[in-house]
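Engineer: Right, I'll just put the structure down here and ask away after.
The values are calculated or read from the model by the stated rules, or taken from the named source; none is laboratory data. Just so it is clear, the structure is predicted and the values come from calculations on it, not from any experiment. All Cβ positions, glycine included, derive from the backbone under ideal geometry; neighbour counts span all protein chains shown.
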Amino acid sequence: MKVNELREQTKEELEAKLLDIKKSVFNLKFQKATGQLENPLKIRNLRKDIARIETLLKEKEQNKDSSKDSLKESGKKIKKERKTDLNK
């Protein structure tokens with residue numbers, strides 16, 4: 001799974017995909033335990049996909065928080081400017 005494809009998806013889509021992949025890993029671990037797993041590298045690749053998705057979700061969350069912070073900062077600047085204008 002490519003990161004560029006994941007970046008284009010919404011938070012909800014990423015969360016759904018994450019849940020789906022976690023279920024797949026769970027099923028593959030069962031197959032491994034019973035000796036039915038044909039390709040053990042599938043588990044490794046899916047775990048890497050989980051890490052990619054979780055990283056993107058955190059990035060999106062941080063971007064959301066930083067945009068809120070920047071809005072708060074700009075609001076504070078405007079209030080300060082208004083106060084200084086009223087004092088003149």
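This table checks each residue for (1) more than 10 Å from the chain's Cα centre (by Cα); (2) of a type in the set (A, V, I, L, M, F, W, C); (3) over 19 Å from residue 3 (Cα atoms).
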{"residue": "19", "(1), (2), (3)": "yes, yes, no"}
{"residue": "26", "(1), (2), (3)": "yes, yes, yes"}
{"residue": "33", "(1), (2), (3)": "yes, yes, yes"}
{"residue": "36", "(1), (2), (3)": "yes, no, yes"}
{"residue": "56", "(1), (2), (3)": "no, yes, no"}
{"residue": "59", "(1), (2), (3)": "no, no, no"}
{"residue": "63", "(1), (2), (3)": "yes, no, no"}
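Engineer: Separate question: Would you please name the residue that is surrounded by the most Cβ atoms within 10 Å (Cβ to Cβ), looking only at residues in region 25-70 that are acidic (Asp, Glu) and modelled with pLDDT of 95 or more?
Structural biologist: Here the residue is 49.
Engineer: Further question on the same structure: How many of the residues in region 6-35 are more than 18 Å from residue 58 (Cβ to Cβ) and either acidic (Asp, Glu) or in contact (Cβ under 8 Å) with a residue 12 or more places away in the chain (or both)?
Structural biologist: Filtering region 6-35 for residues more than 18 Å from residue 58 (Cβ to Cβ) gives 20, 23-35.
Going one step further and asking which of them are either acidic (Asp, Glu) or in contact (Cβ under 8 Å) with a residue 12 or more places away in the chain (or both), we end up with 20, 24-25, 28-29.
So the answer is 5.
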